[in-house]
Amino acid sequence: MYEPVIAVPPSFAASALVDEAGYRAMYERSIADPEGFWGEHGRRIDWIKPYTTVKNTSYGHPDVSIRWYEDGTLNVSANCVDRHAATRPDQVAIIWEGDDPGEQRLITYRELKDEVCRFANVLKAHGVKRGDRVTLYLPMIPEAAFAMLACARIGAVHSVVFGGFSPDALAGRIEDCASTVVITADEGLRGGKRVPLKANVDAAISRISEDHFAPVETVIVVRRTGGNVAMTPGRDVWYDEEAARVPAVCGPEEMNAEDPLFILYTSGSTGKPKGVLHTSGGYLVYASMTHQYVFDYKPGDIYWCTADVGWVTGHSYIVYGPLANGATTLMFEGVPTWPTNARLWQVVDKHKVTIFYTAPTAIRALMGAGDEPVKSASRASLRLLGSVGEPINPEAWLWYYHTVGDNRCPIVDTWWQTETGGILITPLPGATALKPGSATLPFFGVRPALVDNEGNTLEGAAEGNLVLLDSWPGQMRTVFGDHQRFVETYFSTYKGTYFTGDGCRRDADGYYWITGRVDDVLNVSGHRMGTAEIESALVAHPAVSEAAVVGYPHDIKGQGIYAYVTLMQGEQPTDDLRRALVHWVRKEIGPIATPDLIQFAPGLPKTRSGKIMRRILRKIAEDHYEALGDISTLADPSVVADLIENRMNRR
Ligand code: WT7
């Protein structure tokens, strides 16, 4: 197979933060002397009480413990706001571009400080204290960033729930972290359509058990559309009315480096979503350092990450990383395809964006719309492009490079996870020759390794399971409320290492190529979903007796959701029922979990001990039923013929 290699443009290398020799030297030092390396780079942020210890981490199952800078104290919002308000008050911190191309807001660091302080005072007025959990269910409006930073300012722990999740999914997340305060908006606005956020919050709260030990006491509602929403007296308040009553001054709390900053729920291969817990000092050091080096960020850049703040990418690379670096970060409320397929490039031109970071699914969708919308904008301000969320196929990579970037902008394909807090495997644009489809090389301090299914380390060019041998400051610390689950999920498969759940190939140049999840986790349009979650939603439907969900290749989404459903005795496999099941899953989890294909299956392939053989289901979903392998261990091999005959994906 021919693999093009794209060298670092000499002009880019000349002004980049690090060149190839610089990367090698810094990387080697970071591995040889992590204490010294991170001790030095930890000082990139302001500490109230400087740390005297740097790294105190152990992957030794069962005593996993991860602490960085543990005797230092700081405030994350003071780092993202106050220090820049003092030195560059009139610089724009947040460019907000509304769903409607006619709407925008520019917020300077001086204004950001006032807004964050006001929001913090509103939270305090409603009794929020250090350590309390606050759930945010917000659209992409500046108040989302204000609210996150306000929590950080007073030491509260935010849990942002993506606005595309259903009331049921929201309820589960509110309950799990026992948050008594929810921040939402009347409605969201995306692609010209209204999203009933407040109504969803009401529905979620009504689903939380009456005797839950921490009922929701306050709902703070930001006015976005002015749409008509119900307000429950004594519980619901309008943010603008509350904000008018409090001063725009609020001192930051002194927090320990290891105090929690946020919880973010993410799907795994089993059970309900896990509350990934990130803490303050190490997370901020890592988010700001990766933002600077990976994006070659320099003062004057206009930086745009198209993610939603409901995902970790929004946390680390819209809010915390860029703002810690005093950057101008663009926040986009809308969607790439509205009002036209040229929207992203019009926004690039309008705000003179220099660094642009998006997901392969968006690139593939826009590639399908042809070159014309791209060419209708100049994009002359762009100097660097980024990709995140799933493997990017070389075809999409090359289109992004040639058509969007006019062969001028390096692409950083950044591999990381909610759990990792920040980017772990990535090119540095001034240092790394690029190969389309490869996330290339580890960031400073990151020690990837490949192991086979027995845990043997693979050397040189090889393909296996991706593990990490040692900690980095941005790593998650625990699963909220369930440390045992943290240890079991990440540190028990390959003892002494952190297991990512991803498969990966390393080529002869030492470049890493992520091949996708090796566990029962799907990546649909860059959204992570557990097959078990979708299955339990399906079996909760009265007509369903059993369900098995697998992924299959999808041109735009990367992976599509393929559900095999066995019905209760007497139920008829009709198209109406199929539609009802799709609707049901959207209601239980949210539109992102919409099954693409549902196959009614009289029986599922099981071993004699009753275990569903997903390998077979995956093959049939991929339409590769010729190569099912050994099916003689099935309890009833005849079910396979029916599954093949009625398969839903025919290439
Ligand atoms: C999973 C993590 C990282 C923030 C957004 C997703 C996949 C992520 C890449 C990439 C190949 C990637 C992995 C990973 N993934 N980035 N550049 N190349 N795969 O965070 O929801 O926690 O999902 O996304 O499979 O494990 P997440």
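The values are calculated or read from the model by the stated rules, or taken from the named source; none is laboratory data. Keep in mind the model is a prediction, meaning the values are calculated, not measured. So basically every Cβ, Gly included, is an ideal-geometry build from the backbone, and we count neighbours across all protein chains shown.
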I'd like to check which strands (runs of 3 or more DSSP E) are fully inside segment 163-214 and have at least 2 residues that are among the aliphatic types (A, V, I, L, M). 181-185
Suppose we keep only residues that are under 12 Å from Phe356 (Cα atoms) and part of a loop (DSSP other than H, G, I, E, B) within segment 297-322. Which one would you say is nearest to the ligand (Cβ to nearest atom)? Ala307
Got at least one residue in segment 340-350 being surrounded by fewer than 19 Cβ atoms within 10 Å (Cβ to Cβ), modelled with pLDDT of 95 or more, closer than 28 Å to Val18 by Cα and away from the ligand (no atom under 13 Å from the Cβ)? yes
Subset of segment 26-67, residues in contact (Cβ under 8 Å) with a residue 40 or more places away in the chain, in a strand (DSSP E or B) and not charged (D, E, K, R), comes to Thr57, Ile66
Scan segment 492-524 for residues that are farther than 13 Å from Ala439 by Cα and away from the ligand (no atom under 11 Å from the Cβ) and jot them down. Ser492, Thr493, Tyr494, Lys495, Gly496, Thr497, Tyr498, Ala508, Asp520
May I ask you to verify whether Phe332 is within 16 Å of the ligand (Cβ to nearest atom), assigned by the TED database to the domain that holds Gly172 and touching a strand residue (DSSP E or B) at 6+ places or on another chain (Cβ under 8 Å)? no
State all residues of segment 243-259 that are β-branched (Val, Ile, Thr) and either surrounded by fewer than 15 Cβ atoms within 10 Å (Cβ to Cβ) or at positive phi (or both); if no residue qualifies, say none. Val249
Listed by range, strands (runs of 3 or more DSSP E) wholly within segment 379-484 having at least 1 residues that are within 16 Å of the ligand (Cβ to nearest atom) and among the small types (Gly, Ala, Ser) are 384-388, 448-451, 462-468
Yes or no: segment 223-236 includes at least one residue that is in the same structural domain as Lys193 (by the TED database) and within 25 Å of the chain's Cα centre (by Cα). yes
Could you list, in sequence order, the residues of segment 100-114 that are surrounded by fewer than 23 Cβ atoms within 10 Å (Cβ to Cβ) and of a type in the set (D, E, K, R)? Asp100, Glu103, Arg105, Arg110, Glu111, Asp114
Looking only at segment 490-539, filter to residues that are part of a loop (DSSP other than H, G, I, E, B), touching a Ser or Thr at 6+ places or on another chain (Cβ under 6 Å) and more than 22 Å from Gly310 (Cβ to Cβ); which one of those is modelled with the highest pLDDT? Tyr511
